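Peer 1: Below are the structure tokens for one structure; questions will follow.
The values are calculated or read from the model by the stated rules, or taken from the named source; none is laboratory data. All of these numbers come straight from a predicted model, not from anything done at the bench. Using ideal geometry, Cβ is built from the backbone for each residue, glycine included, and neighbour counts are taken over all protein chains shown. All accessible areas refer to the heavy atoms of the entire protein, side chains included, with ligands and DNA or RNA removed. Shrake-Rupley method; radii C 1.70, N 1.55, O 1.52, S 1.80 Å.
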Amino acid sequence: MPDRTPYIAANWKMHKTVAEAVAFVDALLPRIAATQHDVVLCPPFTALGAVVERRYGTAVRVAAQNMHEEEQGAFTGEISAPMLVELDVDAVVLGHSERRRLLGETDEALARKVPAALAAGLEPILCVGESEEERDAGQTEAVLERQLQADLAGVGSTDLAGVVIAYEPVWAIGTGRTATPEQAEEAIAFIRDVVRGRGGAAEELRILYGGSVKPDNAAELLGREEIDGALVGGAGLEPDSFSEIVEAAG
Ligand code: PGA
């Protein structure tokens with residue numbers, strides 16, 4: 001792999017109270033003490049502050065799972081980038097397929113969220129991916145291209161390398177069906193080409209795979225040249241399975 005530090009993130013979705021989140025961090029830290037990889041935890045909003053506090057002095061980074069594009073305003077229930085920065089959050093997941101499918105997230109909003117995160121000093125983890133129908137119809141690349149061009153429209157070429165992209169085929173999320181390493185690598189190489197086409201430093205860009213990553217398939221996926229890390233859902237909820245995935249990254 002070129003000089004790209006492996007990036008392993010656990011997306012907890014709507015799981016874990018503050019107490020459960022803190023217990024996870026305490027159990028995880030000794031298991032990953034020796035790692036040189038970027039290890040990122042994505043707790044729900046309520047547990048962000050506690051996880052940030054607990055990870056001080058360690059290499060663990062913390063990401064929110066969403067944010068609003070405006071800095072403040074009459075947007076009941078929303079959280080802005082400056083609010084995350086104040087908590088010392090490092091990154092933010094944007095455009096997860098659950099938000100796109102179930103919670104009305106649009107490419108139009110993402111086109112504003114990605115630059116807003118960068119401007120605030122948060123690392124965006126932008127998720128893209130095709131549905132099963134789109135893959136079966138041979139539209140995978142067209143879908144990825146459309147999402148990337150729309151969501152990155154407001155990001156200048158010099159800022160592109162600061163975005164982490166997660167390739168998450170919707171049919172592989174929470175289903176137990178994993179993309180084959182070939183499928184994942186092919187899609188990720190295509191994503192890198194799209195970023196290169198936008199003038200970005202594509203070789204520096206970290207592009208993750210997400211979708212039913214588990215300890216028993218992680219080494220095969222993460223061993224691939226193009227796959228720079230993983231966005232882990234279910235297997236990221238337990239310190240044992242998550243630390244095994246961190247180790248599998250080499
Ligand atoms: P999963 O979720 O690992 O449970 O499939 C991945 C994700 O949603 O990021």
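Peer 1: Would you please name the residue that is surrounded by the most Cβ atoms within 10 Å (Cβ to Cβ), looking only at residues in the stretch 198-214 that are over 22 Å from ILE245 (Cα atoms) and not acidic (Asp, Glu)?
Peer 2: Residue satisfying both the conditions and the ranking: GLY200.
Peer 1: Residues of the stretch 216-238 being open to solvent by 50 Å² or more (accessible area, probe 1.4 Å), within 14 Å of the ligand (Cβ to nearest atom) and either more than 17 Å from VAL170 (Cβ to Cβ) or touching an Asp or Glu at 6+ places or on another chain (Cβ under 7 Å) (or both), which ones?
Peer 2: Restricting attention to the stretch 216-238, the residues satisfying the condition of being open to solvent by 50 Å² or more (accessible area, probe 1.4 Å) are 216, 219-220, 223-225, 234, 238.
When the remaining residues are screened for being within 14 Å of the ligand (Cβ to nearest atom), the result is 216, 234, 238.
Selection gives ASP216, GLU238.
Peer 1: Restricting to the stretch 203-230, count the residues that are in contact (Cβ under 8 Å) with a residue 12 or more places away in the chain and more than 17 Å from the chain's Cα centre (by Cα). Full working, then the answer.
Peer 2: Let us first name the residues in the stretch 203-230 that are in contact (Cβ under 8 Å) with a residue 12 or more places away in the chain, namely 203-215, 217-230.
Checking which are more than 17 Å from the chain's Cα centre (by Cα) leaves us with 203, 215, 217, 219-220, 223-225.
Qualifying residue count for the region: 8.
Peer 1: Can you find even one residue in the stretch 195-210 that is within 29 Å of LEU29 (Cα to Cα), small (Gly, Ala, Ser) and modelled with pLDDT of 95 or more?
Peer 2: Here is the first cut: in the stretch 195-210, the residues within 29 Å of LEU29 (Cα to Cα) are 204-210.
From the residues that got through so far, the ones that are small (Gly, Ala, Ser) too are 210.
Then drop every residue that is not modelled with pLDDT of 95 or more, which leaves 210.
Within the stretch 195-210 (the criterion being within 29 Å of LEU29 (Cα to Cα), small (Gly, Ala, Ser) and modelled with pLDDT of 95 or more), the answer is yes, since at least one residue qualifies.
Peer 1: Does VAL246 fit the bill of being closer than 21 Å to CYS42 by Cβ, within 16 Å of the ligand (Cβ to nearest atom) and part of a helix (DSSP H, G or I)? Let's see the steps before the verdict.
Peer 2: Working: closer than 21 Å to CYS42 by Cβ: yes; within 16 Å of the ligand (Cβ to nearest atom): yes; part of a helix (DSSP H, G or I): yes.
Yes: the conditions hold for VAL246.
Peer 1: Evaluate the following for VAL155: is it more than 30 Å from PRO239 (Cβ to Cβ) and part of a helix (DSSP H, G or I)? Before you say what the answer is, go through the steps one by one.
Peer 2: Values: more than 30 Å from PRO239 (Cβ to Cβ): yes; part of a helix (DSSP H, G or I): no.
Considered against the rule, which asks whether it is more than 30 Å from PRO239 (Cβ to Cβ) and part of a helix (DSSP H, G or I), VAL155 comes out as no.
Peer 1: Take the stretch 127-143 and flag every residue that is of a type in the set (A, V, I, L, M, F, W, C) and within 16 Å of the ligand (Cβ to nearest atom).
Peer 2: Applying the first criterion (of a type in the set (A, V, I, L, M, F, W, C)) to the stretch 127-143 yields 127-128, 137, 142-143.
Selection gives CYS127, VAL128.
Peer 1: Among the candidates GLY233, GLY156, GLY176, which residue alone is among the small types (Gly, Ala, Ser), in contact (Cβ under 8 Å) with a residue 60 or more places away in the chain and out of contact with any helix residue (DSSP H, G or I) (no Cβ under 6 Å at 6 or more places or on another chain)?
Peer 2: On the way: GLY156 fails: in contact (Cβ under 8 Å) with a residue 60 or more places away in the chain; GLY176 fails: in contact (Cβ under 8 Å) with a residue 60 or more places away in the chain.
None of the other options fit; the residue is GLY233.
Peer 1: Can I ask one more? Select from the stretch 174-195 the residues that are of a type in the set (Gly, Ala, Ser), open to solvent by 10 Å² or more (accessible area, probe 1.4 Å) and not in a helix (DSSP H, G or I) and write down the one among them that is nearest to the ligand (Cβ to nearest atom).
Peer 2: By that ranking, first place goes to GLY174.
Peer 1: Applying the selection to the stretch 27-57, what residues are open to solvent by 40 Å² or more (accessible area, probe 1.4 Å) and either touching a residue at least 40 places away in the same chain (Cβ under 8 Å) or among the polar types (S, T, N, Q) (or both)?
Peer 2: ARG31, GLN36, THR46
Peer 1: Just checking, does the stretch 44-51 include any residue being out of contact with any Gly (no Cβ under 6 Å at 6 or more places or on another chain) and not in a helix (DSSP H, G or I)?
Peer 2: Of the residues in the stretch 44-51, the ones out of contact with any Gly (no Cβ under 6 Å at 6 or more places or on another chain) are 44-51.
If we keep only those that are not in a helix (DSSP H, G or I) as well, we get 44.
Scanning the stretch 44-51, I find at least one residue that is out of contact with any Gly (no Cβ under 6 Å at 6 or more places or on another chain) and not in a helix (DSSP H, G or I), so the answer is yes.
Peer 1: Condition first: modelled with pLDDT of 95 or more and aromatic (Phe, Trp, Tyr). Now tell me which residues in the stretch 55-90 satisfy that.
Peer 2: The answer is PHE75, and nothing else.
Peer 1: Quick one: GLU69 ticks every box in (1) over 30 Å from GLU53 (Cβ atoms); (2) crowded, with 16+ Cβ neighbours inside 10 Å except a single one, so which number is it?
Peer 2: With respect to (1) over 30 Å from GLU53 (Cβ atoms); (2) crowded, with 16+ Cβ neighbours inside 10 Å, GLU69 is out only on (1).
Peer 1: Given (1) out of contact with any Lys or Arg (no Cβ under 7 Å at 6 or more places or on another chain); (2) away from the ligand (no atom under 16 Å from the Cβ); (3) open to solvent by 50 Å² or more (accessible area, probe 1.4 Å), identify the lone condition not met by VAL114.
Peer 2: VAL114 satisfies all of (1) out of contact with any Lys or Arg (no Cβ under 7 Å at 6 or more places or on another chain); (2) away from the ligand (no atom under 16 Å from the Cβ); (3) open to solvent by 50 Å² or more (accessible area, probe 1.4 Å) except (3).
Peer 1: When only residues in the stretch 25-44 that are more than 16 Å from the ligand (Cβ to nearest atom) and in contact with a Leu (Cβ under 9 Å, 6 or more places away or on another chain) count, which is nearest to ALA63 (Cα to Cα)?
Peer 2: Per the criteria, the residue is VAL25.
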